[in-house]
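Some notes on the structure that comes next.
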Amino acid sequence: MESATMRVSSELHYFPWPQAIGTEARGIYNNGQAEGLTFWAPNINVFRDPRWGRGQETPGEDPTMSGKYAAVFVRGVQGYATAGAINSSDLEASACCKHFAAYDLDNWKGVTRFAFDAKVTAQDLADTYNPPFKSCVEDGGASGIMCSYNRVNGVPTCADHSLLTKTARGDWGFNGYITSDCGAVAIIHDVQGYAKEPEDAADVLKAEMDVNCGGYVQTHGLSAIQKGKITERDIALHNLFTIRMRLGLFNGNPKYNRYGNIGADQVCKQEHQNLALQAAQDGIVLLKNDGGALPLSKTKVSSIAVIGPNANNAPLLLGNYHGPPCISVTPLQALQGYVKDARFVAGCNAAVCNVSNIGEAVHVASSADYVVLFNRGRRSIGWNWGSPGCRSTSSTA
């Protein structure tokens with residue numbers, strides 16, 4: 001059984017990172033460099049299928065762990081204390097837990113995330129897929145939830161009154177806004193066929209979804225009213241304006257509000273950069289170390305060949321859903337600072353390898369003490385060192 005001491009220790013361990021995110025978000029906003037303060041994070045889907053390509057965004061496979069992570073993340077971003085009662089309605093920034101619910105498939109055997117229908121028992125929903133979101137709301141005080149692309153037992157999550165209204169708002173007491181994932185309303189008719197007419201997709205409003213990320217409701221909303229599918233009463237704005245008020249967006253100059261003392265000096269501060277470094281270090285997993293080659297000795301290694309287009313590609317480090325980094329250090333730059341004689345050859349122009357220079361890469365590699373190969377991106381590639389070109393493989397080198 002987990003003790004209170006263990007629980008508090010876990011919460012304190014996670015807290016500095018989301019706290020830094022909330023502080024920097026408010027600092028950027030106060031400095032006039034951001035238009036809003038709503039962040040569609042964290043991703044807290046339970047990750048139990050390695051075929052899902054977004055698993056690296058999530059806390060993992062354990063619902064309890066994911067729930068604790070969600071609560072601490074939300075508290076940090078929104079400006080609350082680590083634990084205990086939420087004693088303020090003001091928001092430093094707004095966090096949004098996603099993707100609700102039972103969402104963990106991208107594209108498998110012809111089934112895409114847009115058409116996927118998750119068959120989930122009531123017990124598995126209660127024991128596995130809902131707990132992280134329940135904790136996000138009840139323990140974290142989240143101000144946003146995102147409904148997912150998929151269906152759960154035949155019903156699109158964004159149109160599921162039981163899921164959004166009865167469970168989230170009713171059972172958990174959620175009082176924030178609910179947004180669709182981008183394009184999730186359109187696919188209710190266009191892909192899933194759940195809505196027989198485009199106007200039927202407006203059922204999402206009856207389910208108390210507040211934001212359509214996309215233009216489907218805007219396009220078909222008026223005709224849905226004219227056809228009697230919905231009424232103007234279904235188009236509720238109070239949740240959206242409540243969050244904007246809690247963020248202080250109507251209170252004039254942000255510098256005179258509760259979080260007005262957070263300035264540009266809080267953005268990219270050294271303390272936060274240290275946290276980013278620690279997160280990277282804690283997140284690295286060494287899968288293989290044949291012959292104990294790592295770590296490389298700074299005194300014994302005199303030369304190193306750095307091969308691959310990804311070795312000196314700073315934008316590739318950012319993945320997606322990113323803002324401008326405080327500083328970028330490519331693998332090549334890091335190795336050049338570690339070994340004096342670090343020689344770089346791209347070998348290919350990109351991961352797809354439309355243009356190659358394998359001969360030069362082989363020459364440089366054969367003349368160095370060690371070779372470090374960076375050849376992975378959105379597509380796996382491997383070099384056929386015996387031929388003048390590249391070939392696509394499933395290599396993990």
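The values are calculated or read from the model by the stated rules, or taken from the named source; none is laboratory data. Keep in mind that this is a model prediction, so the values were computed, not measured. Cβ sites come from the backbone with ideal geometry, for glycine too, and all protein chains shown count toward neighbours. What goes into the accessible areas is simple: the full protein's heavy atoms, side chains included, and nothing from ligands, DNA or RNA. Shrake-Rupley method; radii C 1.70, N 1.55, O 1.52, S 1.80 Å.
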Residue that is nearest to F174 (Cα to Cα), among those in segment 78-114 that are of a type in the set (A, V, I, L, M, F, W, C) and open to solvent by 20 Å² or more (accessible area, probe 1.4 Å): I86
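Of the residues K288, K229, K269, K300, which single one is closer than 30 Å to L373 by Cα, open to solvent by 50 Å² or more (accessible area, probe 1.4 Å) and in contact with an Asp or Glu (Cβ under 9 Å, 6 or more places away or on another chain)?
K300
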Counting residues that are at pLDDT below 90 and farther than 30 Å from A20 by Cα, which strands (runs of 3 or more DSSP E) fully inside segment 287-395 reach at least 3? 381-383, 390-392
When the residues of segment 347-356 are narrowed to those that are surrounded by 14 or more Cβ atoms within 10 Å (Cβ to Cβ) and touching a strand residue (DSSP E or B) at 6+ places or on another chain (Cβ under 8 Å), which ends up nearest to G27 (Cα to Cα)? A351
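Report the residue count in segment 237-263 for those that are part of a loop (DSSP other than H, G, I, E, B) and loosely packed, with under 14 Cβ neighbours inside 10 Å. If you could, list the steps in order and put the result at the bottom.
Step one: list which residues in segment 237-263 are part of a loop (DSSP other than H, G, I, E, B), which gives 237, 247-253, 257-263.
Filter again for loosely packed, with under 14 Cβ neighbours inside 10 Å, leaving 237, 250-253, 261, 263.
Final tally of qualifying residues: 7.
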Here are T157, T128: which of them is β-branched (V, I, T), surrounded by fewer than 24 Cβ atoms within 10 Å (Cβ to Cβ) and at pLDDT 95 or above? T128
Candidate set from segment 194-226 (those that are surrounded by fewer than 15 Cβ atoms within 10 Å (Cβ to Cβ) and of a type in the set (G, A, S)); member that is nearest to S143 (Cα to Cα): G215
Expected output for segment 314-340 (first residue more than 21 Å from Q56 (Cα to Cα) and open to solvent by 60 Å² or more (accessible area, probe 1.4 Å), partner at pLDDT 90 or above and of a type in the set (G, A, S), Cβ below 8 Å, 6+ apart or cross-chain) is C326/A276; Q336/A342; K340/S302
Please specify each residue of segment 108-117 satisfying the condition of being assigned to a strand (DSSP E or B) and at pLDDT below 95. W108, V111, T112
